[in-house]
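Only one structure is covered here, and it is reproduced in the block below.
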Amino acid sequence: AETGGQRRSHDIGAEIWSTPAVVDGVVYFGTMDGSLMALREDGGGPRELFKAGGAIASTPIVANGIVYVGSFDKKFYAINAANGQRIWAFEAENWFWAQALLDDFRDSLYVGSLDGKIYALNINTGGLIWSFQAEQGIRSKAVLIENLVVVGSRDGKVYALDSVTGQKRWEFDAGARILAPLSTDGQRIYVSTVDDTLFALSSQGSEVWRNSISQ
């Protein structure tokens with residue numbers, strides 16, 4: 001990090017689209033041949049922790065010894081981080097590309113699919129709590145703010161959903177596809193679109209400001 005010099009490298013043998021997650025000295029990432037890989041920071045080669053039935057392009061999240069990640073085989077998985085055993089799997093109608101969002105308070109996670117739905121799942125069982133249907137696929141990671149799950153869609157809209165029931169509280173039309181993750185500082189929600197526009201929204205869904213990055 002200080003010099004930019006390469007310390008080591010590994011040939012995984014497959015394309016990597018997944019952003020790594022680093023937890024307790026272990027780097028977790030997916031490959032386009034469906035492998036969930038684990039690599040120790042302190043040395044040693046990577047090992048295949050789990051093999052999905054399709055590419056893994058999303059960023060894993062790791063909590064309490066469990067890796068949560070989706071795949072292009074239309075399934076979202078909970079994997080034991082120590083031994084690679086599948087704990088549960090939830091199947092949607094299209095690929096999982098978005099990174100999931102954990103809600104420890106409610107023992108749930110929220111993850112969008114390219115089938116246009118965002119799913120609320122029980123983190124212990126993988127059981128469906130609720131789902132919401134957008135007009136197009138969801139690749140963007142959601143955020144939590146004031147008991148709302150806020151997510152962007154390829155339909156160009158931002159949806160705010162009740163975290164308990166999944167009912168829509170408001171929506172905002174950004175006018176262009178939303179692929180990048182949303183972010184929040186607890187007061188505002190920040191949304192970027194494919195037409196190079198950045199929006200700041202209030203927790204009630206009103207536009208605070210917008211900035212066209214390309215101008």
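The values are calculated or read from the model by the stated rules, or taken from the named source; none is laboratory data. Quantities reported herein were computed from a predicted structural model and do not represent experimental measurements. When we count neighbours, we look across all protein chains shown, and the Cβ atoms used for this are built from the backbone with ideal geometry, even at glycine. Accessible surface is based on the protein model in full, side chains and every heavy atom, while ligands, DNA and RNA are left aside. Shrake-Rupley method; radii C 1.70, N 1.55, O 1.52, S 1.80 Å.
Tabulated data for the structure shown
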quantity	calculated
Filter result for the condition that a residue is closer than 15 Å to I61 by Cβ, open to solvent by 50 Å² or more (accessible area, probe 1.4 Å), in a strand (DSSP E or B) and modelled with pLDDT of 95 or more, over L121, L144, L109	L144
Filter pass, A78 being among the hydrophobic types (A, V, I, L, M, F, W, C) and modelled with pLDDT of 95 or more	yes
Any chance R169 is closer than 22 Å to G116 by Cα, surrounded by 13 or more Cβ atoms within 10 Å (Cβ to Cβ) and modelled with pLDDT of 95 or more	yes
Those residues of the range 124-141 which are touching a Leu at 6+ places or on another chain (Cβ under 9 Å) and part of a loop (DSSP other than H, G, I, E, B), in sequence order	G127, Q136, G137, I138, R139, S140, K141
Pick from the range 53-87, criterion in contact with an Asp or Glu (Cβ under 6 Å, 6 or more places away or on another chain) and more than 22 Å from S108 (Cα to Cα), ranking: surrounded by the fewest Cβ atoms within 10 Å (Cβ to Cβ)	G53
Filter result (touching a Phe, Trp or Tyr at 6+ places or on another chain (Cβ under 7 Å) and open to solvent by 10 Å² or more (accessible area, probe 1.4 Å)) within the range 147-158	K157
Among the candidates S183, S192, S212, residue that is within 21 Å of A100 (Cβ to Cβ) and exposed (fewer than 15 other Cβ atoms within 10 Å of the Cβ)	S183
Search result, residues across the range 10-36 that are among the polar types (S, T, N, Q) and in contact with a strand residue (DSSP E or B) (Cβ under 6 Å, 6 or more places away or on another chain)	S18, S35
